[in-house]
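Read-outs throughout are calculated quantities, based only on the coordinates presented, and are distinct from any laboratory measurement. Owing to the predicted nature of the structure, the values given are computational and were not obtained by experimental measurement. For neighbour counting, all protein chains shown are included, and Cβ atoms are generated from backbone atoms with ideal geometry for every residue, glycine included.
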Amino acid sequence: MSHMKAGVLALAAAACFFNSHVLQAQGPDENRGLDVFVLDLMDQFRRSQSNQERRLLVNQIGKCGKKAAIAADLLIGLLADKDEEMRRLAIRGLGSTGETVAIPQIRKHLSSPSPETRLAAVSALASLGDFSAVPDLVKALKDPDSGIRANAAACLGISGMQDPHAFMPLIWCLHDPDYGVRLHASGSIRQYDGVEKVVPLIEILSEGDEHLSTNAASALDGYYKSDTAVKAFERLWNRLDDLRKKVWGAFGIVKGFNSEKAFLDLQALVKDSSPEVRANAVTAIGLLCEFEKDRRERILKSAFKDESAEVRARSIACLILLNLKRNLEIYLKALEDPSPKVVARAVHKLSVSSAPESVRPLIEVFNSSELFLSKQELLVEVHIALNGITGANLKILSWHPERMYKQWLEWYEFEGYVKFPPEKK
């Protein structure tokens with residue numbers, strides 16, 4: 001209850017601020033574009049007197065990617081801000097802009113006493129293509145913080161950052177006790193071209209260490225068409241008699257061979273007692289690209305009813321890979337989910353679908369204010385999705401969900417009803 005109360009107070013504070021300083025930031029659409037949206041956010045930042053809202057605005061600027069390049073000077077100036085979190089947000093934002101002019105200033109933060117700031121700097125340098133950051137990334141693979149190790153492993157897979165000296169450290173990360181580190185390491189290893197990576201991974205598969213073998217199989221994903229890799233996958237799958245262990249290697253294994261047994265094993269894991277195992281099994285089934293779509297779809301739709309928010313979010317993500325029109329009802333139903341993560345996945349998919357029947361349900365999301373306590377940026381995501389689908393070009397007059405709901409509902413009742421009628425039951 002204390003967390004809920006704190007969240008309500010934080011949201012109320014944000015609402016008071018934006019009501020007294022009318023937010024003119026306008027969601028991007030085909031006519032305005034992200035560049036104007038960024039300019040609006042910059043203007044609001046300069047007028048803001050609240051550090052909390054300034055952080056939120058900088059975070060949104062950074063999410064605009066290369067269009068945020070027009071805010072590069074502002075972000076560079078914030079690298080000297082007295083607030084540590086503000087400096088980190090500015091570093092991350094600069095990393096997404098593609099502006100290499102910021103590299104010298106970002107490099108200064110590699111010596112920050114804060115490990116989170118150091119990692120933000122290394123990640124930004126990697127995003128900007130500064131190859132000199134590789135040694136720092138490799139060093140971060142041994143950081144005591146698992147989050148830093150995982151992010152460093154992910155950065156070493158970014159295009160232009162693959163260094164032969166990072167390959168074996170990534171291999172050993174497959175034995176890391178943290179699942180996130182293992183997952184990101186296997187993903188980065190797949191970005192390294194050439195068969196030279198297959199040999200040590202196949203050797204790991206034959207060592208008999210089941211925990212390490214399954215992660216190695218995941219890293220071999222990109223080689224699933226190789227006869228050698230396919231045989232290794234099959235040996236591994238048959239060797240693991242515990243179904244729950246199989247799921248850890250499933251991401252790579254399922255592409256290795258079109259096995260009916262593997263599919264049935266994964267189907268059983270979707271009903272496992274562990275939410276983590278169920279979530280991974282759902283993802284693995286979603287990756288069975290060459291397996292019967294109808295059978296996969298039935299399982300994924302069933303998983304959407306799971307009590308775990310992570311399982312539901314994974315099922316939505318996998319259904320997105322199949323067929324939007326056929327699964328539109330699921331995406332609309334996901335908008336009513338109590339988990340912000342599930343709703344965010346559905347909002348993203350509906351925003352690119354331009355489905356007219358999604359307008360009214362998207363407006364209703366604003367009426368579920370509890371969603372925004374832990375994920376306030378969801379407000380902006382829903383607003384941008386609605387502007388993109390409808391072309392309404394509405395401005396954000398308040399960041400309070402109830403007022404945003406009223407704003408969009410008034411537009412719908414006066415203008416949108418005819419063009420975007422509610423879905424017939």
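Per-structure values
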| read-out | value |
| --- | --- |
| Distance in nm between pseudo-label sites at L397 and S132 (7 Å out along the Cβ direction from Cα) | 5.2 nm |
| Total charge dipole magnitude, region 341-393, about the Cα centre, Cβ charges on Lys, Arg, Asp, Glu only, Debye to nearest 20 | 140 debye |
| Computed magnitude of the charge dipole of region 23-142 (debye, nearest 20; Cβ of K, R +1, Cβ of D, E -1) | 380 debye |
| Spatial separation of Cα centroids for region 324-371 and region 54-85, in angstrom | 29 Å |
| Linear extension gain, V36 paired with K82, 0.36 nm per residue minus alpha-carbon span | 13.7 nm |
| Estimated FRET transfer efficiency (K406, E370; beta-carbon r; R0 25 Å; 0.05) | 0.90 |
| Kirkwood-based Rg to Rh ratio, region 274-318, C-alpha trace | 0.94 |
| Pairwise centroid distance, computed over Cα atoms, of region 114-129 with region 130-172, Å | 11 Å |
| Estimated FRET transfer efficiency when R0 is 56 angstrom, pair A72-E292 (beta carbons, to 0.05) | 0.70 |
| Rg/Rh for region 316-359, where both radii come from Cα atoms and Rh is the Kirkwood radius | 0.91 |
| Space enclosed by the convex hull of the alpha-carbon atoms of region 36-128, per residue, Å³ | 77 Å³ |
| Relative contact order for region 36-128, counting Cα pairs under 8 Å that sit 6 or more residues apart, in percent | 25 percent |
